[in-house]
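**Student:** My questions all concern the structure below.
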Number of protein chains: 2
Amino acid sequence: MNNPGPPAEFGLIARHFRPLAGPGSLDLLDDAALLEPPPGRHLVFTADAMVAGVHFLSDDPADTVGAKLLRVNLSDLAAMGATPLAYLMTVSAPRDTSDAWFAAFAAGLARDQARFGIALLGGDTTATPGPMTLSLTAIGHVAPNAALRRRGAMAGDEVWVTGTIGDGALGLLALQGRVPDPDGWLANRYRLPEPRLGLALHGVVSACMDVSDGLVQDLGHLCRAAGLAAIIEAGLVPRSPAALAAGEDWLPTCLTGGDDYELLMAVPSNHTDALLAAASAQGCRVTRIGRFGVGHEVRVLDGTGLTIRLDRPGWSHF
Amino acid sequence: MNNPGPPAEFGLIARHFRPLAGPGSLDLLDDAALLEPPPGRHLVFTADAMVAGVHFLSDDPADTVGAKLLRVNLSDLAAMGATPLAYLMTVSAPRDTSDAWFAAFAAGLARDQARFGIALLGGDTTATPGPMTLSLTAIGHVAPNAALRRRGAMAGDEVWVTGTIGDGALGLLALQGRVPDPDGWLANRYRLPEPRLGLALHGVVSACMDVSDGLVQDLGHLCRAAGLAAIIEAGLVPRSPAALAAGEDWLPTCLTGGDDYELLMAVPSNHTDALLAAASAQGCRVTRIGRFGVGHEVRVLDGTGLTIRLDRPGWSHF
């Protein structure tokens with residue numbers, strides 16, 4: 001007479017996560033999911049965790065939390081030149097998390113699933129006595145030997161970025177009341193980064209990564225991977241109207257703050273036209289900001305050619 | 001003159017996690033990992049999270065925490081009949097976590113990687129103001145259409161389990177001082193479950209899952225998936241000498257406690273010999289404990305044929 005009815009955990013999953021489940025998920029009812037790999041393709045994997053109070057604000061709208069969790073991982077797929085396929089997610093939630101929070105969180109995921117062509121494959125939901133802690137593993141696919149890599153920049157290659165730099169860091173400061181953000185544009189950029197998927201960069205760029213921990217620090221990664229130096233001109237780094245309106249005092253924050261999720265690329269100078277064509281096809285802005293050279297440092301020059309000293313190169317989550 | 005030296009996060013990864021990184025991980029230096037799927041195989045994915053104080057004890061030895069994190073996921077692969085391939089992991093650690101803790105955590109993973117034939121593919125390390133929160137996505141592979149499933153049990157099939165049931169739940173109680181455990185055997189079973197990989201169960205079992213939330217509750221999942229009932233005899237449920245020594249008062253705990261990570265199988269009665277041969281080939285104990293039938297309940301019978309009433313069928317992590 002023991003009726004093993006599903007406990008709360010299973011109700012949560014059925015209400016909010018099963019509607020997100022795609023092919024191979026087996027409706028989240030089995031111990032694991034099944035995936036037939038796309039024929040002739042290699043798979044690309046990335047995993048990122050987000051903790052309330054560290055990577056997002058506890059009072060961020062739940063739909064943006066779900067979307068950001070997915071997008072920071074999609075940005076890693078974009079940096080490899082991969083096409084999104086599926087994702088797994090674990091959610092460790094405080095026991096007093098409302099059903100409405102889960103509903104909005106799932107709605108944010110559902111919208112982005114439709115937009116980016118990806119679906120939930122599996123995961124786990126648990127309680128935590130700590131802050132909401134989310135982990136997502138994204139799976140993409142790419143043609144063999146076509147993945148973009150961090151290594152590969154050559155001396156003389158130009159440094160290019162997509163979009164605008166610094167909005168995410170300023171958006172966090174805006175949400176903390178430290179930077180004016182009259183129309184909420186900066187906050188929106190912090191909450192909803194734009195993964196630069198779909199750019200045909202294979203054979204065009206010699207190295208690529210996404211800027212998540214600060215432009216200067218992340219450029220250092222490309223330099224170390226290639227055994228090179230880089231010089232960028234602060235005046236060339238693309239900033240949004242909202243970032244410019246915040247004032248020049250915030251320039252160092254833009255150069256070193258995290259949460260950009262734009263692509264940082266090494267581009268041979270004779271590939272400029274191909275890069276511009278690839279970007280134009282996706283309606284994506286790209287900007288040349290500097291050049292790789294011999295050495296091992298990243299230098300940022302002001303308008304007079306002098307080196308700008310920065311207190312820290314970027315952001316560490318630890 | 002800004003030297004973008006790697007911050008603490010990268011040192012941690014280099015010291016402790018890079019040595020775990022396998023083929024396709026790109027030494028954890030890129031934005032994502034690359035994997036060429038094994039030709040002709042389907043992939044199997046599972047993800048589980050573990051939170052200190054919920055799924056393991058904060059003072060559990062760190063090497064067992066790493067091993068358990070991997071093993072609970074390997075148990076899901078085992079339940080699908082899959083062969084381990086690679087894993088991704090996110091670690092959200094309190095800022096005061098010692099380097100020694102990370103070293104031991106990684107050592108536990110390294111030992112199990114060698115034993116189970118799996119390697120680290122990628123992941124993320126972040127700080128958290130809350131308890132240590134770990135998430136792991138395991139990837140396995142299986143022949144097309146050979147994955148074991150939860151659905152598929154037929155009326156008349158026998159209910160079988162691997163290993164012994166209840167040790168994990170009693171082990172947690174032992175660590176809390178509520179159950180005697182003179183030689184630490186039960187605690188060890190709680191900390192280091194044994195994933196039942198490598199059993200040749202395709203074509204032998206009609207349904208399979210791993211017991212992680214309590215035998216009775218998990219048997220309910222097999223029943224619901226098949227639209228069936230099941231009756232098990234408590235006296236047939238295999239218990240370890242340590243579990244038996246704890247006394248009959250703990251029988252309900254063994255039947256409903258979590259953390260077994262044994263396989264629960266539906267087996268047509270004419271497949272018994274094949275099951276025993278598959279188990280024998282791996283040195284794995286299997287025990288028949290009951291039968292599936294028409295209906296929709298799980299009943300547990302005592303030695304006189306009376307139904308045992310249980311306060312709860314199993315364990316919810318939420």
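**Student:** Rounded to the nearest 5, what % of DSSP beta bridges with both residues in the protein assembly as shown are antiparallel?
**Tutor:** Bridges in the protein assembly as shown that DSSP calls antiparallel: roughly 75 percent.
**Student:** Show me you know the interface measure: the accessible area buried between A and B, both chains summed, probe 1.4 Å, in Å² to the nearest 100.
**Tutor:** Separately minus together, A and B give about 6800 Å² buried.
**Student:** Pop a pseudo-label 7 angstrom from the Cα along the beta-carbon direction at both B:Glu248 and B:Arg111 and give the gap in nm to one decimal.
**Tutor:** Rounded to a tenth, the inter-label distance reads 3.8 nm.
**Student:** Relative contact order for region B:8-142: what percent, with Cα pairs under 8 Å and sequence separation of 6 or more?
**Tutor:** 41 percent
**Student:** From a point 7 Å beyond the Cα of B:Gln176 in the direction of its Cβ, which residues of region B:258-282 have a backbone N at a distance under 14 Å?
**Tutor:** Under cut-off, by backbone N: B:258-259.
**Student:** Over region B:231-318, what is the relative contact order in whole percent, taking alpha-carbon pairs under 8 Å and six or more residues apart?
**Tutor:** 55 percent
**Student:** Here is a further query. Would you mind computing, in nm to one decimal, how far apart the modelled labels at A:Asp59 and A:Asp27 are, each placed 7 Å from Cα along Cα→Cβ?
**Tutor:** So the two model labels end up 4.1 nm from each other.
**Student:** Just from its helices, what would the mean residue ellipticity at 222 nm be for the protein assembly as shown, if runs of 4 or more DSSP H residues each count -39500 (n - 2.57) and the sum is divided by every residue, rounded to the nearest 500 deg cm²/dmol?
**Tutor:** It comes out at -8500 deg cm²/dmol, rounded to the nearest 500.
**Student:** Follow-up. What are the residues whose amide H is under 5 Å from the amide H of B:Ala207, where those residues sit 5 or more places off or on another chain and H is modelled from the backbone?
**Tutor:** Under 5 Å from the amide H of B:Ala207 lie the amide H atoms of B:Ala266, each far enough along the sequence or on another chain.
**Student:** Taking Cα pairs under 8 Å and at least six residues apart, what relative contact order does region A:149-306 come out at, in percent?
**Tutor:** Taking the mean separation of contacting Cα pairs over the length of region A:149-306, I get 44 percent.
**Student:** Continuing with this model, one more query. Using only the Cα atoms, work out Rg/Rh for the protein assembly as shown, with Rh taken as the Kirkwood radius, to two decimals.
**Tutor:** Across the protein assembly as shown, the Cα-based Rg/Rh ratio is 1.01.
**Student:** Could you give the C-alpha radius of gyration of region B:8-142 expressed as a fraction of 2.2 N^0.38 Å, taking N as the number of residues it contains?
**Tutor:** Here the Cα radius of gyration is 1.01 times the empirical estimate.
**Student:** While we're looking at this one, here's another question. How many Å² of accessible area per residue for region A:8-142, probe 1.4 Å?
**Tutor:** I get 29 Å² per residue for this part.
**Student:** Mind listing, in residue-number order, the residues in region A:60-89 that have at least 40 Å² less accessible area with every protein chain present than in their own chain alone (1.4 Å probe)?
**Tutor:** Correct list: A:Met80, A:Leu88.
**Student:** Using a label position 7 Å from Cα in the Cα→Cβ direction, what is the ascending list of nm distances from B:Arg95 to the same site in the other copies?
**Tutor:** The answer, with the shortest distance listed first, is 2.8 nm.
**Student:** Could you give the distance between the Cα centres of region B:175-198 and region A:210-286, to the whole Å?
**Tutor:** One Cα centre to the other: 52 Å.
**Student:** Skipping prolines and chain starts, which residues have an amide H placed within reach, meaning under 5 Å, of the one on A:Gly156, given they are 5 or more residues away or on another chain?
**Tutor:** A:Phe292, A:Gly293
**Student:** For region B:8-142, which whole percent of the accessible surface, found with a 1.4 angstrom probe, sits on carbon and sulfur atoms?
**Tutor:** 56 percent
**Student:** Oh, and also: Counting other Cβ atoms within 10 Å, keep those with at most 15, restrict to DSSP loop, and tell me which trypsin sites (Lys or Arg not before Pro) in region A:68-143 are left.
**Tutor:** Hits after loop and neighbour filter: A:Arg95.
**Student:** On to the next question. For region B:158-301, compute Rh as the Kirkwood radius over C-alpha pairs and then the Stokes-Einstein diffusion coefficient at 25 °C and 0.890 mPa s; write the answer in µm²/s, rounded to an integer.
**Tutor:** Translational D for this selection: 161 µm²/s.
The values are calculated or read from the model by the stated rules, or taken from the named source; none is laboratory data. Since we're looking at a predicted model, the values are computed, not measured. Positions of Cβ are generated from backbone atoms using ideal geometry, with glycine treated the same way; all protein chains shown enter the neighbour counts. For the accessible areas, the whole protein counts, side chains as well, though only heavy atoms, and no ligand, DNA or RNA atoms are used. Shrake-Rupley method; radii C 1.70, N 1.55, O 1.52, S 1.80 Å.
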